[in-house]
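Read-outs: derived from the displayed coordinates by stated rules, not from any lab. Nothing here was measured: the structure is a model prediction, and the numbers come from that model. Positions of Cβ are backbone-derived with ideal geometry, glycine not excepted, and every protein chain shown enters the neighbour counts.
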Amino acid sequence: MPTLKGEQLEKIAFHLFCAAGAPEEHSRIVAQHLADNNLTGHDSHGFIRVIQYIRQIKEGLIIPAAKPDIVSESPSTAQVDGHYGFGQVAAKFSTELAIDKAKKQGVSCVTVRHLGHLGRLGAYAEIAAGAGCAAILYCSVGGHAISVTPFGGSKRKLATNPIAMAFPSEEEGPILSDFATSVAAEGKIRVYRARGHKLPDGWILDQEGHPSNDPSEFYAGGAILPVGGSVGHKGFCLAFMTDLFGGILSGDGFPAIPGKQFSNGSLIVTIDIERFAPLAAVRSQASKMVNYVKDTPPAEGFEYVMYPGEKEARNRKERGRNGVEIEDETWNQVMALVQEYGVADKLDQLP
């Protein structure tokens, strides 16, 4: 597998998106987002998505030059329409709008609808934390990309429906929780398949409803299980509520009444920390909470306890130094796009 620096991944993605019709500003936002996802260790939402996004541009599912706009608002709320452009562009716009409103009003709620795959949800929570805010995000799929079975079921009815939360601290990265309400995001199954690996136990059912470790069984009509294993009713409930908060409130569609096409309809709740206590004091207290939980004797098989977001912070440092391995299947498909769009001359020497 070739190993690339984050800036190399970003450059390849940037030139491909520009060649596919995206403005430079939009191409830069999406390319930076994907490269950073690889650096944080979330390969499922990184460079591998270039292939998907280019395909969706060709199919007309992503309008690469579409700009988000505000369709209604109050001092503390807003509804944003992404006009089926890049999800990262609409989500970044909506997050920055939510931060601005929270700074003025203390708390804000912003919904965004009609947007492509927005990538790693936690990235937007991180933006809010970097601005001195706490944030909670719910992300649905407009009633499309149904891939998850409800607890006790055997067929697809829901989506992976992630939830993210972030809180400022004195640590290297914010306190960050970002997870699919299913056992795994679909993209992680995609990476396992691309690398020729078997899935861990308890991730999917095959199309007959039987447990399977073969990622191809999911794409043949199987289903992902809700997070929680024997207590998967908890993950199912979180997924169900995310469709209400992210899908219904945004007006984007939900599994019972799907929208026009796949769309990461989301709700962004943002809280200005300074309205409750001085930001420096809150950051310090959050880090004291980190130190409190990390001062726990590790269980057998573990080296230490990690706080939410620590893994991403560690990965950024390690992968920033050593680079990111890209599986051959993904690399070969992206290089085929580089040739198709004639952008090889714009890239530095590649592995």
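Observations, loosely collected:
- Proximal aspartates and glutamates to Lys67, defined as alpha-carbon separation beneath 18 angstrom and excluding residues fewer than eight positions away on the same chain: Glu24, Glu25, Asp81, Glu96, Asp252
- Counted charge near Ile48, where neighbours are those whose Cβ lies closer than 13 Å (Asp, Glu -1; Lys, Arg +1): +1
- Loop-resident sites, region 248-322, for chymotrypsin sites (Phe, Trp or Tyr not before Pro), counting at most 10 other Cβ within 10 Å (DSSP): Phe302, Tyr304
- The chain: relative contact order in percent, alpha carbon pairs under 8 Å with at least 6 residues between: 22 percent
- If you take all other residues with their beta carbon under 11 Å from the beta carbon of Ala164, and give Lys and Arg +1 and Asp and Glu -1, the sum is -1.
- Within the shell of other residues whose beta carbon sits under 9 angstrom from the beta carbon of Ile204, the net charge comes to -3, with Lys and Arg scored +1 and Asp and Glu -1.
- Karplus-derived HN-Hα couplings along region 182-193 (A = 6.51, B = -1.76, C = 1.60, θ = phi - 60°), whole Hz, x at Gly and Pro: 9, 4, 8, 5, 4, x, 5, 5, 4, 5, 4, 5
- Taking 30 Å as the straight-line reach from the Cα of Lys234, the lysines in range (excluding those fewer than 8 positions away in the same chain) are Lys92, Lys155, Lys157, Lys188, Lys198, Lys260, Lys288, Lys294, Lys311.
- Cα→Cβ-extended label distance, 7 Å offset, between Glu172 and Ala220, nm: 4.2 nm
- Here region 91-115 is scanned for amide nitrogen atoms under 17 Å from the site 7 Å beyond the Cα of Ser72 along Cα-to-Cβ, giving 109-114.
- Length added when fully stretched, Glu24-Val107, from 0.36 nm per residue minus Cα-Cα: 26.6 nm
- Take the Cα of Gln333, step 7 Å toward its Cβ, do the same at Arg321, and the gap between the two points is 3.2 nm.
- Within the same chain, aspartates and glutamates fewer than 8 places from Lys58 are excluded, and of the rest, those with a Cα less than 17 Å from its Cα are Glu340.
- Converting phi to 3J(HN,Hα) with the Karplus coefficients 6.51, -1.76 and 1.60 and the offset θ = phi - 60°, region 149-165 yields 8, x, 4, x, x, 10, 10, 5, 9, 10, 10, 6, 5, x, 10, 10, 9 Hz in sequence order, with x at every glycine or proline.
- Pairwise label distance in nanometres, His210 with Glu96, each label 7 Å out on the Cα-Cβ vector: 5.3 nm
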